[in-house]
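Structure, as structure tokens:
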Amino acid sequence: EAQVTQNPRYLITVTGKKLTVTCSQNMNHEYMSWYRQDPGLGLRQIYYSMNVEVTDKGDVPEGYKVSRKEKRNFPLILESPSPNQTSLYFCASRGTGLEETQYFGPGTRLLVL
Amino acid sequence: RKEVEQDPGPFNVPEGATVAFNCTYSNSASQSFFWYRQDCRKEPKLLMSVYSSGNEDGRFTAQLNRASQYISLLIRDSKLSDSATYLCVVNPFYKLSFGAGTTVTVRA
């Protein structure tokens with residue numbers, strides 16, 4: 001079954017405590033992204049990766065890091081989380097064709113106290 | 001100006017009604033267009049692609065107007081299960097741009 005998995009699904013943490021949200025896809029997709037979703041703002045792209053070792057900033061990259069060492073994995077790292085990073089996070093992957101469907105992971109709800 | 005703008009709604013309609021809403025996009029170079037559906041803060045899922053000539057998928061009809069830079073979604077014979085947020089998605093190149101969503105609530 002084609003899928004994107006994320007872990008953890010729910011996380012409560014405190015300001016400044018480094019955390020990593022993992023993302024993995026089994027569709028051999030080149031393109032992977034991270035989004036955050038906040039009420040009234042829709043989905044905003046944090047970082048994306050066109051392939052292994054190729055990453056770039058999206059619309060809201062401040063406070064986040066990513067890496068793409070393997071094609072299937074694209075972890076999101078918050079080195080020093082702050083309360084304004086409380087959000088719902090989605091990982092996504094797709095092939096490179098214009099009409100390719102983007103598949104989303106189930107989401108990670110993060111609360112930073 | 002946002003890249004993709006949608007009427008947030010909500011659109012409250014009775015079962016069996018027809019509901020339609022639009023989405024405007026700012027980048028005239030956009031090449032592909034989609035509607036995604038999102039249920040109650042779950043992950044978005046593809047509802048349908050939008051083609052230049054317009055297309056249908058069962059009770060759903062999507063239209064594209066390149067001249068005026070908008071796409072539309074029409075839902076006929078609404079079902080309770082159609083209650084969701086509908087996201088307009090535009091792909092200028094490789095990066096998808098998402099609207100904030102239009103909420104539709106179908107009541108019995």
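The values are calculated or read from the model by the stated rules, or taken from the named source; none is laboratory data. This is a predicted model, so every value here is computed, not measured. Cβ: placed from backbone, ideal geometry, glycine included. Neighbour counts: every protein chain shown.
Report yes if some residue within region A:68-84 is of a type outside the set (G, A, S) and closer than 27 Å to B:P8 by Cα; otherwise report no. Write out each step before concluding.
Taking region A:68-84 as the starting set, the residues that turn out to be of a type outside the set (G, A, S) are A:68-79, A:81, A:83-84.
Then keep just the ones that are closer than 27 Å to B:P8 by Cα; that gives A:83-84.
Yes.
If A:V60 passes every condition in (1) assigned to a strand (DSSP E or B); (2) out of contact with any Ser or Thr (no Cβ under 6 Å at 6 or more places or on another chain) but one, which one does it miss?
(1)
For region B:49-66: of the residues being within 14 Å of chain A (Cβ to nearest Cβ) and polar (S, T, N, Q), which is surrounded by the most Cβ atoms within 10 Å (Cβ to Cβ)? Show your work before the answer.
So in region B:49-66, the residues within 14 Å of chain A (Cβ to nearest Cβ) come out as B:49-52, B:55, B:57, B:62, B:64.
With the extra rule that they be polar (S, T, N, Q), the set shrinks to B:49, B:52, B:55.
Details: B:S49: 17, B:S52: 10, B:N55: 14.
Looking at residues that are within 14 Å of chain A (Cβ to nearest Cβ) and polar (S, T, N, Q), I get B:S49.
Could you grab me the full set of residues in region B:45-67 that are at pLDDT below 95 and in a loop (DSSP other than H, G, I, E, B)?
B:Y51, B:S52, B:S53, B:G54, B:R66, B:A67
Is there a residue being within 13 Å of chain A (Cβ to nearest Cβ) and surrounded by 13 or more Cβ atoms within 10 Å (Cβ to Cβ) anywhere in region B:9-21?
Within region B:9-21 (the criterion being within 13 Å of chain A (Cβ to nearest Cβ) and surrounded by 13 or more Cβ atoms within 10 Å (Cβ to Cβ)), the answer is yes, since at least one residue qualifies.
One line per residue, one yes/no per condition, for (1) within 14 Å of the chain's Cα centre (by Cα); (2) modelled with pLDDT under 95; (3) away from every other protein chain (no Cβ under 13 Å):
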residue: A:G58; (1), (2), (3): yes, yes, no
residue: A:S67; (1), (2), (3): yes, no, yes
residue: A:L76; (1), (2), (3): yes, no, yes
residue: A:S82; (1), (2), (3): no, no, yes
residue: A:Q102; (1), (2), (3): yes, yes, no
residue: A:G107; (1), (2), (3): yes, no, no
residue: A:V112; (1), (2), (3): no, no, yes
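Pull out all pairs, ordered by first then second residue, where Cβ-Cβ is under 6 Å, the residues are six or more apart or on different chains, the first lies in region B:47-69 and is free of Cβ contacts under 8 Å to residues at least 12 places away in the same chain, and the second is aliphatic (A, V, I, L, M).
Every condition considered, the pairs that remain are B:N55/B:A62; B:D57/B:M48.
Looking only at region A:1-37, count how many residues are of a type in the set (K, R) and closer than 11 Å to A:T108 by Cβ.
Going residue by residue through region A:1-37, those that are of a type in the set (K, R) are A:9, A:17-18, A:36.
If we keep only those that are closer than 11 Å to A:T108 by Cβ as well, we get A:9, A:36.
Number of matching residues: 2.
What's the number of the only condition in (1) exposed (fewer than 14 other Cβ atoms within 10 Å of the Cβ); (2) farther than 26 Å from B:G99 by Cα that A:E62 fails to meet?
Among (1) exposed (fewer than 14 other Cβ atoms within 10 Å of the Cβ); (2) farther than 26 Å from B:G99 by Cα, A:E62 violates only (2).
Residue-wise test of (1) in a loop (DSSP other than H, G, I, E, B); (2) touching a residue at least 40 places away in the same chain (Cβ under 8 Å); (3) among the small types (G, A, S).
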| residue | (1), (2), (3) |
| --- | --- |
| A:L11 | no, yes, no |
| A:T15 | yes, yes, no |
| A:M32 | no, yes, no |
| A:L43 | no, yes, no |
| A:T55 | no, no, no |
| A:K71 | yes, yes, no |
| A:A92 | no, yes, yes |
| A:G97 | yes, no, yes |
| A:L110 | no, yes, no |
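Out of all the residues in region B:76-93, which are within 14 Å of chain A (Cβ to nearest Cβ) and surrounded by 15 or more Cβ atoms within 10 Å (Cβ to Cβ)? Reasoning before the result, please.
The first filter runs over region B:76-93 and keeps only residues within 14 Å of chain A (Cβ to nearest Cβ), leaving B:85-93.
B:T85, B:Y86, B:L87, B:C88, B:V89, B:V90, B:N91, B:P92, listed by residue number.
Based on this model, can you work out whether A:T15 counts as in contact with a Pro (Cβ under 7 Å, 6 or more places away or on another chain), modelled with pLDDT of 95 or more, more than 25 Å from B:Y86 (Cβ to Cβ) and surrounded by 14 or more Cβ atoms within 10 Å (Cβ to Cβ)? Outline the logic, then answer.
Values: in contact with a Pro (Cβ under 7 Å, 6 or more places away or on another chain): yes; modelled with pLDDT of 95 or more: yes; more than 25 Å from B:Y86 (Cβ to Cβ): yes; surrounded by 14 or more Cβ atoms within 10 Å (Cβ to Cβ): no.
Taking the combined requirement at face value, the residue does not satisfy it.
Given the conditions (1) touching a Ser or Thr at 6+ places or on another chain (Cβ under 7 Å); (2) exposed (fewer than 14 other Cβ atoms within 10 Å of the Cβ), and given that B:L46 satisfies all but one, which numbered condition is not satisfied?
Condition not satisfied by B:L46: (2).
Kindly evaluate B:L73 against the criterion of being within 23 Å of A:Q45 (Cβ to Cβ), at pLDDT below 95 and within 11 Å of the chain's Cα centre (by Cα).
Working: within 23 Å of A:Q45 (Cβ to Cβ): yes; at pLDDT below 95: no; within 11 Å of the chain's Cα centre (by Cα): yes.
For B:L73, the condition - within 23 Å of A:Q45 (Cβ to Cβ), at pLDDT below 95 and within 11 Å of the chain's Cα centre (by Cα) - is not met.
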